[in-house]
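What follows is a single structure, written as structure tokens, with notes after it.
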Amino acid sequence: MAHSKLPDPLARRHLMEGGLDPEKARAYGDAYLEAGREVEAVDFYQMAEAKEPLEALQSQAIERGDVFLMRAASAALGDDPSAATWLQLAEAAAAAGREKDAESAQRLASVKD
């Protein structure tokens, strides 16, 4: 489903509350991802029970050092990242100059110890 225009926030909320069949939810997730709106894509992928794109978003979060995206994708999967995963994310965040994400990931890793 190629969306030339994504739904506005109110329409998005109605879609989320009204429920979508998995195929349409996956298509909306793909459209949000294509638009660079990963966190919003997570909600639709979760609705579609689309494990693969959520796991891909977790990998992207680690590579970029993005704690917020990692938490969103992990929650959608019902996953609790390990200390090693958070440390890997912290290293990537520090290398990318994302000091707050690096600190948060370090803190989350220490909770896992």
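Some values worked out for this structure:
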quantity: LYS5-SER110 pseudo-label distance in nm [points 7 Å out on the Cα-to-Cβ vector]; calculated: 4.9
quantity: √(5λ) per eigenvalue of the Cα gyration tensor, region 65-113, largest first, Å; calculated: 17, 12, 8
quantity: Hull volume in cubic angstrom per residue (convex hull over the Cα atoms of the chain); calculated: 103
quantity: Using θ = phi - 60° and Karplus 6.51 cos²θ - 1.76 cosθ + 1.60, couplings along region 57-73 (whole Hz; Gly, Pro as x); calculated: 5, 4, 4, 4, 4, 5, 4, 8, x, 9, 5, 4, 5, 4, 5, 5, 5
quantity: For region 65-113: relative contact order, % (alpha-carbon pairs under 8 angstrom, 6 or more apart); calculated: 44
quantity: Estimated distance in nm for a label pair at GLU49 and ARG12, the labels positioned 7 Å out from Cα along Cα-to-Cβ; calculated: 2.5
quantity: Cβ-derived FRET efficiency at R0 35 Å, LEU20 paired with LYS100, nearest 0.05; calculated: 0.55
quantity: Reachable lysines from LYS24, criterion Cα separation under 19 angstrom, eight or more residues apart if same chain; calculated: LYS5, LYS51
quantity: Cβ charges +1 (Lys, Arg) and -1 (Asp, Glu), total dipole of the chain, debye; calculated: 240
quantity: Helical contribution to [θ] at 222 nm, DSSP H n ≥ 4, -39,500 (n - 2.57), averaged over the chain, rounded to 500; calculated: -24000 deg cm²/dmol
quantity: Pairs of Cα atoms farther than 14 Å apart, region 1-49, %; calculated: 42
quantity: Relative contact order of region 1-72, pairs being alpha-carbon contacts under 8 Å that are 6 or more residues apart, as %; calculated: 26
quantity: Residues of type lysines that LYS100 reaches as a straight line, Cα spacing below 26 Å, ignoring anything fewer than 8 places off in the same chain; calculated: LYS112
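Coordinate-derived values only; no laboratory data. Treat the numbers as computed from the prediction; the structure is a model and nothing was measured. Neighbour counts are summed over all protein chains in view; Cβ atoms, including those assigned to glycine, are modelled from backbone coordinates with ideal geometry.
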